[in-house]
Amino acid sequence: MFKKLALTLLMTTMVFSASVAGPEQDKAQAAGAGTMQAKTADQLYPVEVNGKYGFINGQGKMVIEAVYGGYGYSAAPGGKVYVEDHAAKKQYYFSSAGTKLFEYKLRDASILYNDRALYTAKVQLAGGATATRYGYIDSQGKVAIQPIYVKAFHFSEGLARVNMGKASGYINTKGELVVPYRYSFTSDFSEGMAAVTLTVGGKYGYIDTTGKLRITPRYDYATPFSDGAAVVYVNGKYGYIDKKGNYLIKPQFSMAQPFSEGLAFVERNGVTFYINKKGAKVIQGYKAGGLFKGGLAPASTGQRYGYINTSGRFVVKPQLYWADSFNGELAEITLLVPDTREEIRGYMNRSGTIVWPPASELPAGVVKP
């Protein structure tokens, strides 16, 4: 699972959707490292009950009842969510406290980032033909930026990447063009930097939020910054750079995850381990590992996952079928029902207690860490 992240452009936010919800970008966002930890009251987590979806908070309490046909949410602190009412053909937006914000036509709008959500509309072109274009609504469901973009992505650090034609630039939440349309590829901003390429198939470099080129394009691939470092790919190997483009660790890994809390999980010569920013091995002996969040990271020595601390010791026994990095107070886990292939998706808190599903609903024989 975690090895596959090496070729993924990792974001500082994570998007999940239980169905094709809104613009297609909802399906494409990946998990991010270095995100601030959210307080329990500021984070909601999607759950499924009898084929319907709702949200719980960090204590496992149901905040939005599981009666909806789909959902969308951001894992950023204070992230807003929506649920889908298929019968009414609407989706309802909620704050992280569970307060309803507004409703919108089903699957015509995306998740709110920086109080802006992508929406689609049919527009008439100069020649009379119609085409789909992207714009943005605000946190009350009102049009904030007109649907004029051929391509558009969610806001990150106050800026969104958009295309009027083939070239990509960045706008602010007012719809003002901040970075001109000059790039073939753009990424979301993370820690004030974004990876870009000037030509199709060209080298990757980095710009700042003013559009100034901070790191000259010279990498075969580059990921967002996390914990002050970015993973870059050069001549078939991964390494790490700082925000000046200097190598913290020269390319030498066949797999490299982002730094989080000063540590990163890598693979070299078929061996996986955690390193610090000097490139020294600090935690060894794990076949799979994830990002450290709040001092804990998912890890596995064999067929089962648990959670380790920054000293490399298990603080949650490796008895989970699968485990993700913590997001706020909870981490998504998967349990396996004995003698079956049935998987149960749930959430665990930092004490190792499963807060969802409720203990009374877990099938007999399921191992509880």
Solvent exposure, largest accessible area first (probe 1.4 Å, DNA, RNA and ligands not counted), of 332, 261: 261, 332
Vicinal HN-Hα couplings computed from phi for the stretch 206-220 (Karplus, 6.51 cos²θ - 1.76 cosθ + 1.60; Hz; Gly/Pro x): 9, 10, 9, 6, 8, x, 6, 6, 9, 10, 4, x, 7, 10, 5
Separation of alpha-carbon centers, the stretch 119-138 and the stretch 193-269, rounded to whole Å: 35 Å
Amide proton proximity set for residue 162, modelled H, under 5 Å, gap of 5+: 169, 170, 171
Across 250/281; 243/293; 237/317, pairs whose alpha-carbon gap is larger than 25 Å: 237/317
Tensor-based shape of the stretch 75-195 (alpha-carbon gyration tensor, a/c under 1.5 rounded, otherwise prolate or oblate): oblate
Accessible-area value, residue 213, 1.4 Å probe, nucleic acids and ligands omitted, Å²: 80 Å²
Cβ charges +1 (Lys, Arg) and -1 (Asp, Glu), total dipole of the stretch 123-255, debye: 380 debye
Dipole of the chain, positive direction: furthest Cα of 282, 364, 245, with charges on the beta-carbon: 245
Extension gain (nm, one decimal) between residue 250 and residue 176, 0.36 nm per residue minus Cα-Cα: 22.8 nm
The stretch 103-187, dipole about Cα centre (Lys/Arg Cβ +1, Asp/Glu Cβ -1), debye to the nearest 20: 320 debye
Computed over the stretch 271-369, Cα set: Rg, Dmax in Å: 14.0, 47
For the chain: relative contact order, % (alpha-carbon pairs under 8 angstrom, 6 or more apart): 9 percent
Distant-in-sequence amide H partners of residue 144 (H built 1.01 Å from N, under 5 Å): 136, 137, 138
Label selected from (1) 87, 50, 44; (2) 65, 53, 32; (3) 65, 57, 30, the criterion being Cα extents along the principal axes in Å as computed here: (2)
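The values are calculated or read from the model by the stated rules, or taken from the named source; none is laboratory data. On a predicted model such as this, the values are computed, not experimentally measured, just so you know. As a convention, Cβ positions derive from the backbone with ideal geometry for all residues, glycine included, and neighbour counts pool all protein chains shown. Areas reflect the complete protein model, heavy atoms only, side chains present, ligands, DNA and RNA absent. Shrake-Rupley method; radii C 1.70, N 1.55, O 1.52, S 1.80 Å.
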